[in-house]
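Below: the structure, in structure tokens.
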Amino acid sequence: MVDRVLLKSVLASVLEVNADQIDDESSMDTIGSWDSLRQMNLVLALEEAFAVSIPDDDAANATSYKLLVLVLDEQLATA
Amino acid sequence: MVNHEAALAVLRRDDASMAEVMRALTELDRAELNLRRQRIGIAANITLDLLALYLRRHAYLAGVRLEVHTGSYDNLLDDVQTCSARGVDHLLVIPFFDNLQASWEARIEGLSEAARQAPMHDYLARLELGLISASHLGNVFLCGAHAWHAAAAFDGADACSEGLAEFNAALRETATRHANARFIDLADIVATLGRQQAFDARFYYRGKAPYRPAFMNELARRVGLATRGFGGAFHKVLVLDCDNTLWGGVIGEDGIAGLQLDPHSYPGNIFWTVQQQVCALERQGVLVCLCSKNDEADVEQALAGHEHMVLRGEHVVARRVNWNDKPGNLEALAAELNLGLESFVFVDDSAFEVEAVRTRLPMVRVFQVPQRLTDYPAMMREIAALFLAGGLNAPDASRTRQYRQLAAAASLRAGFASQQDYLRSLGLKVRLQRDATEQIGRIAELTNKSNQFNLTTRRLMPGDVARLMQAEGATVYSFAVSDRLAEHGLTGVLITEDEGDAVLVHTFLMSCRVIGRGVEFSVWKRVLDDARSRGKTVLRAAYVPSAKNAQVADFFDRLGLPLTAQGDDGSRHYQAEVAQVQLADSNWVEIIDG
């Protein structure tokens with residue numbers, strides 16, 4: 001299972017928001033600074049923080065907190 | 001205090017993660033520190049906003065608070081001119097070879113000589129114009145282009161490798177003709193990191209962002225070196241410890257005969273190599289000093305009498321060989337040479353001495369002889385780079401090479417008297433369509449994707465676009481741009497709605513690919529013509545601010561519409577008489593209706 005505290009902390013750093021502003025409903029639609037550029041940075045930062053490699057399609061499409069949890073869980077399970 | 005020290009410690013760590021670096025930067029941005037400020041601009045034909053992060057990292061490490069202006073995407077001339085008008089201290093120009101034209105490396109193989117040279121020629125022509133406007137900036141760094149793919153031919157004689165070589169030769173030649181311009185070799189960063197660490201294909205093909213963080217970090221580090229710590233340090237003095245720094249062994253214990261300096265055996269060959277490097281720096285004007293806890297007579301004897309010493313007494317401009325503490329000795333050397341300690345680089349093998357100098361004299365650049373001795377010559381190369389960045393003369397050998405390249409580059413260089421001449425030479429064509437139903441999907445997509453050049457940021461679904469196309473009083477203009485170099489595809493959308501005797505601008509947006517060439521002004525002539533033919537007398541438009549569209553806040557002013565009102569939210573409202581309004585000139589753009 002993905003370390004949600006770490007996930008929120010990386011999200012907070014990359015998106016420049018407070019970690020306590022991030023909840024299950026957070027996504028590109030709810031966080032103003034989360035655009036497609038930040039999405040790239042986010043994927044790179046998460047890959048580094050969790051030592052996983054996020055597949056091509058997920059990298060572009062996992063644009064919400066819930067989806068990121070799913071993707072990271074999947075990668076950590078197969079790692 | 002504690003927080004910002006901790007943040008700096010994070011930035012200093014080679015293995016600090018991207019998220020850690022971001023947090024540390026936020027911390028330092030908040031801290032009230034009395035730091036020098038500098039500004040750097042970036043003009044690139046790719047997306048590399050992460051570079052700002054790493055530039056700021058290396059700037060803070062050099063004691064500088066750096067403001068980074070990342071330009072717009074692939075808009076060289078505008079970016080350079082904007083940075084030049086803002087008076088940034090440094091400007092980075094980054095041409096990504098494979099994106100000179102879409103998938104350039106894949107296309108270049110089958111092209112004729114002329115077709116192959118056209119985009120390079122075009123880039124260099126724009127660069128030349130830009131550099132003229134940037135002649136007052138402190139530093140302009142022209143980043144050498146490198147390949148995205150591995151070379152197709154094992155001997156490097158394929159069209160892509162040759163094109164790259166010509167392009168880089170022309171960039172170097174450009175750098176020699178502009179006093180403030182210098183060439184930075186990016187291919188060496190790719191070679192150092194390897195393609196795996198340097199590139200990310202996912203984000204290159206999705207978002208034109210080819211570089212991974214490791215590449216950005218290394219590029220930023222080298223920019224820091226090339227700018228002498230972002231304009232801070234001008235290194236002149238190299239201070240060396242003796243035992244296990246200049247030679248292997250401890251002279252007071254091993255005696256002069258026991259020193260390791262034999263060029264033909266390990267580890268003597270390491271120290272002998274390092275001494276060669278030190279002497280090379282001395283020949284180029286670096287002031288070499290010694291600072292050692294030893295009996296002076298012992299050191300004197302080694303300098304004068306050891307058969308393998310490369311460094312001799314006459315190379316050493318000042319020395320402190322005694323049993324006093326090193327920070328005090330360094331201060332004494334600075335006083336003797338009448339130079340500031342910030343121009344000093346100090347090398348020692350002892351962690352204790354290194355730490356003592358680092359804490360007591362933080363302005364001195366300190367290096368510790370690496371644990372793994374075989375890395376020592378590489379570290380000396382880093383040190384050499386610090387001094388060379390200060391503008392010591394390039395060796396004559398490289399100068400002759402530059403002259404040879406000059407001839408090769410001449411054919412790639414163009415001369416345009418002005419930006420308009422250049423734009424005219426492009427042969428810009430805009431194919432303007434009205435209510436083109438076959439493009440509904442693509443138009444809707446553009447309204448959702450465009451952020452920066454988007455005056456009203458109204459997001460439309462395909463159904464909305466279709467409805468507007470069918471509506472009696474609305475027109476959906478869509479336009480595709482091409483020039484002699486490339487087809488840019490559907491790049492802009494303009495929607496108007498009639499209201500009484502007025503025409504309202506519902507939407508105006510463009511893809512960032514073609515901004516800055518006058519296309520944005522050219523289509524309005526047709527809008528006015530259409531308005532007239534429908535019997536409308538007034539054109540109304542508004543700029544509605546969003547989080548991302550500040551760059552077009554004054555677009556309608558530049559177009560030539562009179563401002564009539566401004567909202568508290570930053571919105572700007574315009575109204576013009578259709579019969580009288582004078583629009584900005586863009587007569588180098590040809591409009592094709594159809």
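The values are calculated or read from the model by the stated rules, or taken from the named source; none is laboratory data. Because the structure is a prediction, the values reported are computed rather than measured. Please note: Cβ atoms are built from the backbone with ideal geometry, for glycine as well, and neighbour counts cover all protein chains shown.
Against the list (1) surrounded by fewer than 17 Cβ atoms within 10 Å (Cβ to Cβ); (2) part of a loop (DSSP other than H, G, I, E, B), the condition residue B:47 fails is (1).
Is there a residue being buried (at least 22 other Cβ atoms within 10 Å of the Cβ) and more than 14 Å from chain A (Cβ to nearest Cβ) anywhere in region B:189-196?
So far as region B:189-196 goes, yes, one or more of its residues are buried (at least 22 other Cβ atoms within 10 Å of the Cβ) and more than 14 Å from chain A (Cβ to nearest Cβ).
Considering only residues in region B:148-165 that are in contact with a helix residue (DSSP H, G or I) (Cβ under 6 Å, 6 or more places away or on another chain) and surrounded by fewer than 21 Cβ atoms within 10 Å (Cβ to Cβ), the one that is modelled with the lowest pLDDT turns out to be B:151. Condition check: surrounded by 13 or more Cβ atoms within 10 Å (Cβ to Cβ), in a helix (DSSP H, G or I) and in contact (Cβ under 8 Å) with a residue 60 or more places away in the chain. Does residue B:278 satisfy that? It is true that residue B:278 is surrounded by 13 or more Cβ atoms within 10 Å (Cβ to Cβ), in a helix (DSSP H, G or I) and in contact (Cβ under 8 Å) with a residue 60 or more places away in the chain.
If you go through region B:533-551 and keep only what is under 30 Å from residue B:79 (Cβ atoms) and over 31 Å from the mean Cα position of the chain (by Cα), you end up with B:541, B:542, B:543, B:544.
Scanning region B:477-495 for residues being surrounded by fewer than 17 Cβ atoms within 10 Å (Cβ to Cβ) and under 21 Å from residue B:438 (Cβ atoms) gives a total of 2. State which residue is farthest from residue B:183 (Cα to Cα) when the search covers only region B:208-231 and only residues that are in contact with a strand residue (DSSP E or B) (Cβ under 6 Å, 6 or more places away or on another chain) and outside any helix (DSSP H, G or I). Filtering first and then ranking leaves B:210.
The rows are residues; the columns are (1) within 23 Å of residue B:80 (Cα to Cα); (2) out of contact with any Pro (no Cβ under 9 Å at 6 or more places or on another chain); (3) modelled with pLDDT of 90 or more.
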| residue | (1), (2), (3) |
| --- | --- |
| B:489 | no, yes, no |
| B:495 | no, yes, yes |
| B:501 | no, yes, yes |
| B:513 | yes, yes, no |
| B:517 | yes, yes, no |
| B:524 | no, yes, yes |
| B:528 | no, yes, yes |
| B:531 | no, yes, yes |
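Region B:520-589 holds strands (runs of 3 or more DSSP E) entirely within its bounds, and those carrying 1 or more residues that are surrounded by 16 or more Cβ atoms within 10 Å (Cβ to Cβ) and touching a strand residue (DSSP E or B) at 6+ places or on another chain (Cβ under 8 Å) map to B:538-543, B:572-577. Say whether the condition of being part of a helix (DSSP H, G or I), within 28 Å of residue B:343 (Cβ to Cβ) and in the same structural domain as residue B:330 (by TED's automatic domain parsing) is met by at least one residue in region B:257-266. No, region B:257-266 has no match at all. Taking the criterion of being farther than 18 Å from residue B:498 by Cα and surrounded by 16 or more Cβ atoms within 10 Å (Cβ to Cβ), the only residue of region B:458-474 that qualifies is B:460.
Each row is one residue, and each column tells you yes or no for (1) modelled with pLDDT of 95 or more; (2) surrounded by fewer than 22 Cβ atoms within 10 Å (Cβ to Cβ).
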position: B:211; (1), (2): yes, no
position: B:217; (1), (2): yes, no
position: B:220; (1), (2): yes, no
position: B:224; (1), (2): no, no
position: B:229; (1), (2): no, no
position: B:233; (1), (2): no, no
position: B:239; (1), (2): yes, no
position: B:244; (1), (2): yes, yes
position: B:249; (1), (2): no, yes
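When the residues of region A:10-28 are filtered to those that are assigned to a helix (DSSP H, G or I) and hydrophobic (A, V, I, L, M, F, W, C), which remaining residue is nearest to the chain's Cα centre (by Cα)? By that ranking, first place goes to A:11. Within region B:496-519, which residues are more than 43 Å from the chain's Cα centre (by Cα), among the aliphatic types (A, V, I, L, M) and surrounded by fewer than 21 Cβ atoms within 10 Å (Cβ to Cβ)? Matches in region B:496-519: B:502 only.
Yes or no, residue by residue, for (1) outside any loop (DSSP other than H, G, I, E, B); (2) within 11 Å of the chain's Cα centre (by Cα); (3) within 13 Å of chain B (Cβ to nearest Cβ):
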residue: A:1; (1), (2), (3): no, no, no
residue: A:8; (1), (2), (3): yes, yes, yes
residue: A:30; (1), (2), (3): no, no, no
residue: A:38; (1), (2), (3): yes, yes, yes
residue: A:42; (1), (2), (3): yes, yes, yes
residue: A:48; (1), (2), (3): yes, no, yes
residue: A:54; (1), (2), (3): no, yes, yes
residue: A:58; (1), (2), (3): yes, yes, yes
residue: A:67; (1), (2), (3): yes, yes, no
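The lone criterion from (1) in a loop (DSSP other than H, G, I, E, B); (2) away from every other protein chain (no Cβ under 14 Å) left unmet by residue B:72 is number (2). Residues that are closer than 26 Å to residue B:111 by Cα and in contact (Cβ under 8 Å) with a residue 12 or more places away in the chain number at least 3 in the following helices (runs of 4 or more DSSP H) confined to region B:146-202: B:159-177. Every condition in (1) of a type in the set (Gly, Ala, Ser); (2) surrounded by fewer than 23 Cβ atoms within 10 Å (Cβ to Cβ); (3) more than 14 Å from chain A (Cβ to nearest Cβ); (4) touching a Leu at 6+ places or on another chain (Cβ under 6 Å) is met by residue B:59 except one, and the failing one is (2). Being more than 15 Å from residue B:76 (Cα to Cα), touching a Lys or Arg at 6+ places or on another chain (Cβ under 9 Å) and among the aromatic types (Phe, Trp, Tyr) is a condition met by at least one residue of region B:147-157. Here region B:335-349 is the region considered, the condition is being touching a residue at least 60 places away in the same chain (Cβ under 8 Å) and over 18 Å from residue B:247 (Cβ atoms), and the residue that is surrounded by the most Cβ atoms within 10 Å (Cβ to Cβ) is B:344. Suppose the filter is at pLDDT below 95 and surrounded by 21 or more Cβ atoms within 10 Å (Cβ to Cβ); does residue B:7 pass it? Yes; evaluated as a whole, the condition is true for this residue.
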